[in-house]
Amino acid sequence: MTYVVKPKFHHPELPKNKLGYTHRDYEGKISTLCAGCGHDAITAAIIEACFELSIEPHRVAKISGIGCSSKTPDYFLGNSHGFNSVHGRMPSVLTGANLANRDLIYLGVSGDGDSASIGLGQFAHCMRRGVNMVYIVENNGVYGLTKGQFSATADRGSKSKRGVTNTDNAIDMVGIALQLGASFVARSFSGDKKQLVPIVKAAIEHRGAAFIDVISPCVAFNNHAGSTKSFDYVREHNEAVNRLDFITGRTPITVAYEPGSVEVVEQHDGSKLVLKKVAADYDAHDRLGAMSFLQRHAAIGQVVTGLLFVDREPEDLHRHFNTVDSPLNSLSEKELCPGSAALEKINASLR
Ligand SMILES: Cc1ncc(C[n+]2csc(CCOP(=O)(O)OP(=O)(O)O)c2C)c(N)n1
Ligand code: SF4
Ligand SMILES: [Mg+2]
């Protein structure tokens with residue numbers, strides 16, 4: 001409950017990361033979500049990922065829209081920057097902040113209602129522009145906050161809690177992200193922390209638009225038989241294509257992996273993704289292959305999870321715009337406004 005204040009004291013022996021911080025330093029307020037909500041498990045995964053990466057909390061900006069999912073940034077990274085924006089508008093607010101200050105880690109948190117309906121256009125444009133961010137959709141197939149109406153990601157033929165059948169086709173946000181050029185695309189499940197934590201870590205280190213669709217059951221409105229976003233359904237139909245380990249640039253790979261079943265993908269900053277293939281024929285660098293793999297499995301009711309696509313040479317909006325290396329908020333007035341002679345030169349070049 002909001003009026004319950006988290007105790008400040010903690011066990012003196014809590015494990016510490018490289019910065020000397022404990023998990024408590026990455027937590028936020030006490031969650032007000034329903035007990036058992038999948039979104040709380042995603043919060044825990046984000047806390048774990050940031051703790052393990054030894055991220056300085058003041059280097060993170062968490063931005064969300066409206067919904068139970070969009071409330072969650074209040075429950076993690078209490079010492080980071082945060083902005084709870086308007087329904088469906090997280091991507092444009094985040095894009096603006098990112099253009100002004102490229103030095104922060106941008107964490108966009110949204111829901112399936114927030115991003116697949118009112119915010120669908122915003123989602124599409126920030127993916128196609130390659131905004132350097134982690135875009136997490138906490139996907140429960142319903143509008144949880146407004147009492148469980150079907151969202152646009154609800155599967156056709158799935159049933160509401162009251163037994164009404166959804167007759168609309170579902171929007172697959174992973175499919176759209178792939179089509180729009182996102183350079184890191186993954187799907188996971190809030191009930192699979194082992195898979196979700198390394199995916200979040202890898203997405204944070206990725207320099208480009210990283211999209212993660214996390215199936216996150218709504219225990220109040222969409223966890224019954226007939227739902228395809230329930231804990232039982234996802235556990236029974238989960239088809240993982242790979243398992244991911246994430247290794248930062250400085251850490252040598254010491255574990256011996258069986259050749260053939262593992263691929264090491266090096267990112268720009270030297271960090272490494274260790275992809276353990278589960279589906280032998282799956283290639284996480286084949287955008288078109290990923291799209292048809294997804295569709296074939298969706299047609300037989302399977303939920304494909306894992307790192308579905310990663311671009312070895314990602315680009316981002318700053319590179320496309322050829323912006324200066326320094327964040328705009330650190331430039332002086334003279335640099336931002338170079339004077340009438342410079343303006344005259346630009347105008348002359350356009351005549
Ligand atoms: C402009 C606007 N339209 C409608 C609403 C009502 N509304 C609040 S949250 C929400 C949907 C939330 O669904 P989702 O993004 O899936 O989040 P969840 O609660 O399921 O996590 C809606 C329609 C609103 N707040 N603002
Ligand atoms: S209504 Fe659903 S989505 Fe919202 S907090 Fe409760 S279980 Fe979670
Ligand atoms: Mg939802």
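Applying 0.36 nm per residue to the separation of THR167 and SER340 and subtracting their alpha-carbon distance, the gain on full extension is 56.2 nm. Remark: relative contact order (the chain) = 15 percent; criterion is Cα-Cα distance under 8 angstrom and separation of 6 or more residues. Subtracting the Cα-Cα distance of GLN179 and ASP286 from 0.36 nm times their residue separation leaves 37.3 nm of extension gain.
Quantify how much of the Cα-Cα distance distribution of the range 148-239 extends past 23 Å, in percent. Result: 31 percent of Cα pairs exceed 23 Å. A dipole drawn for the chain from +1 and -1 charges on Cβ atoms has a positive end, and of ASN140, VAL324, LEU53 the residue lying farthest that way is ASN140. Ligands, DNA and RNA left out, the 1.4 Å accessible surface of the chain is 54% carbon and sulfur atoms. Centre-to-centre, using Cα atoms only, the range 17-70 and the range 118-186 are separated by 22 Å.
Between ASN101, ASN166, ASN322, the GNM of the chain built on Cα springs shorter than 10 angstrom shows ASN322 fluctuating the most.
Can you give the FRET efficiency for LEU19 and ALA348, using 1/(1 + (r/R0)^6), R0 = 45 Å, r = Cβ-Cβ distance, to the nearest 0.05? With R0 = 45 Å, the Cβ-Cβ based efficiency is 0.30.
Here the range 295-351 was treated as a single set of alpha-carbon atoms; its pair distances binned every 5 Å from 0 give 4, 12, 10, 12, 13, 9, 7, 7, 6, 6, 7, 6, 1 percent. Normalising by residue count, the range 80-170 has a Cα convex hull of 94 Å³ per residue.
How would you classify the chain from its alpha-carbon gyration tensor, with a ≥ b ≥ c the square roots of the eigenvalues: rounded for a/c under 1.5, else prolate if a/b is greater than b/c, otherwise oblate? It is rounded, given that a/c, with a ≥ b ≥ c, falls under 1.5. Computed from phi, the 3J(HN,Hα) profile of the range 95-109 under the Karplus parametrisation 6.51, -1.76, 1.60 (θ = phi - 60°) reads 4, x, 5, 5, 5, 6, 9, 6, 7, 9, 8, 9, 10, x, 10 Hz, with x in place of Gly and Pro.
Once the Cα atoms are used to define both axes, helix 340-350 deviates from the longest principal axis of the chain by about 70 degrees.
Could you sort the peptides 23-36, 303-316 by per-residue average Cβ neighbour count (10 Å cutoff), highest mean leading?
Descending mean neighbour count gives 303-316, 23-36.
Among the listed pairs LYS201/LYS277; LYS8/LYS147; LYS201/LYS229, those whose Cα-Cα separation exceeds 27 Å are LYS8/LYS147.
Which of rounded, prolate or oblate describes the range 1-144 when judged by the alpha-carbon gyration tensor and an a/c cut-off of 1.5? Cα axes put the range 1-144 in the oblate bin. Given the options PHE123, PHE150, PHE293, which has the most mean-square fluctuation in a GNM of the chain, springs set between C-alpha atoms less than 10 angstrom apart? Maximum fluctuation in the GNM of the chain, among the listed residues, is at PHE293. Summing Lys and Arg as +1 and Asp and Glu as -1 over all other residues whose Cβ lies under 15 Å from the Cβ of GLY181 gives a net charge of +1.
For the listed peptides 110-116, 235-241, a ranking on the average number of other beta carbons within 10 Å per residue, highest first, reads 110-116, 235-241. Judged by the gyration tensor of its Cα atoms, with axes a ≥ b ≥ c, the range 187-247 is prolate; a/c meets the 1.5 cut and a/b is the larger of a/b and b/c.
Just add up the charged neighbours of SER160: K/R +1, D/E -1, any other residue whose Cβ is under 14 Å from the Cβ of SER160.
Result for the neighbourhood of SER160: +4.
The values are calculated or read from the model by the stated rules, or taken from the named source; none is laboratory data. Worth saying up front: this structure is predicted, and the values here are computed from it rather than measured. FYI the Cβ positions are ideal-geometry reconstructions off the backbone, even for glycines, and counts take in every protein chain you see. The accessibility values were calculated without ligands, DNA or RNA, using every heavy atom of the protein model including side chains. Shrake-Rupley method; radii C 1.70, N 1.55, O 1.52, S 1.80 Å.
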